[in-house]
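The values are calculated or read from the model by the stated rules, or taken from the named source; none is laboratory data. In this text the structure is predicted, and so the values were computed from the model without any measurement. Please note: Cβ atoms are built from the backbone with ideal geometry, for glycine as well, and neighbour counts cover all protein chains shown. The accessibility values were calculated without ligands, DNA or RNA, using every heavy atom of the protein model including side chains. Shrake-Rupley method; radii C 1.70, N 1.55, O 1.52, S 1.80 Å.
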Amino acid sequence: MLLTTGQAAEELGCAITTYRRLIRAGVLPGLTRRGVRVMTPLWVVQALRQRTLAPVDRLDTDLLGVLRVDAARQVQDTGRKWAGYAADLGPDDLLEGLRGWWRCDAASVAAGGVLPVTVSGYVVAVLTGLDRWEKGDGGRHTFPDAVLAGHVTDLATPTKHVTAPRETDRGIADLLLGARLPSQSSGAIAYVSTHGSTAN
């Protein structure tokens, strides 16, 4: 059985625009087109609906930064070709597109030790190595030593690619990738309490 974008969004209890981000990011398998409509297999939507919350309470921090991104788009920017997430980007392009430049409290992000990256509330990548940051224009920051600890290419299964050189970082990536991690923010970076409540 195939669902329209509107039906899939209704099943997940989210806005159509929220669901379209997942489509554009390329993390949903089995999509087909009927004219201008994108159709999603029912099993994919069911897998997303049944996905558990990220166990952030197992992390050694009280407050966790969460990078909320859209599907990747090409940019003319210092040191990167892309901003955002796409499943078909290679690890180097993903890292360049995710480690900066974001408006944030860099010290708070670094204190968390790990930066989950979400598209529409699902963890699609995890960054570590956040101890050093640089400040740019408009309060934007980048983390030049960031490591892409892992990412997903298929959110439904999920298919995880855990790439961090350190075993601890690999464990954190495996723990978080593919899980739901809702957050609220007016900007790209949200801050989530690891003890059950979400902070803006």
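Tallying residues that are more than 19 Å from the chain's Cα centre (by Cα) and at pLDDT 95 or above within segment 39-62 yields 6. Out of curiosity, is THR157 surrounded by fewer than 19 Cβ atoms within 10 Å (Cβ to Cβ), in contact (Cβ under 8 Å) with a residue 60 or more places away in the chain and part of a loop (DSSP other than H, G, I, E, B)? When the stated conditions are applied, THR157 passes them. Scanning segment 103-132 for residues that are hydrophobic (A, V, I, L, M, F, W, C) and farther than 23 Å from GLU167 by Cα turns up CYS104, ALA106, ALA107, VAL119.
Checking the stated criteria, ASP131 turns out not to satisfy the condition of being under 22 Å from LEU22 (Cα atoms) and open to solvent by 40 Å² or more (accessible area, probe 1.4 Å).
Given the structure, is ARG73 farther than 17 Å from PHE143 by Cβ and of a type in the set (Lys, Arg)? In short, yes. Within segment 134-153, restricting attention to residues that are assigned to a strand (DSSP E or B) and open to solvent by 30 Å² or more (accessible area, probe 1.4 Å), which residue is farthest from GLY65 (Cα to Cα)? The selected residue is THR153. Screening VAL119 against (1) among the hydrophobic types (A, V, I, L, M, F, W, C); (2) buried (at least 22 other Cβ atoms within 10 Å of the Cβ); (3) over 19 Å from PRO29 (Cβ atoms) leaves a single unmet condition, (3). Which pairs do you get when a residue that is within 19 Å of TYR122 (Cβ to Cβ) and surrounded by 14 or more Cβ atoms within 10 Å (Cβ to Cβ), found in segment 186-200, comes within reach of a residue that is aromatic (Phe, Trp, Tyr) and at pLDDT 90 or above, reach meaning Cβ atoms under 9 angstrom, with the pair 6+ apart or on two chains? So the pair list comes out as ALA188/TRP102; ILE189/TRP102; THR198/TYR191.
Mind checking whether some residue in segment 177-185 is farther than 30 Å from LEU31 by Cβ and surrounded by fewer than 18 Cβ atoms within 10 Å (Cβ to Cβ)? Checking segment 177-185: not a single residue is farther than 30 Å from LEU31 by Cβ and surrounded by fewer than 18 Cβ atoms within 10 Å (Cβ to Cβ). Of the residues screened, ALA190 is not one that is out of contact with any Phe, Trp or Tyr (no Cβ under 9 Å at 6 or more places or on another chain), small (Gly, Ala, Ser) and assigned to a loop (DSSP other than H, G, I, E, B).
Among the conditions (1) open to solvent by 50 Å² or more (accessible area, probe 1.4 Å); (2) assigned to a helix (DSSP H, G or I); (3) charged (D, E, K, R), the only one that ASP169 does not satisfy is (1).
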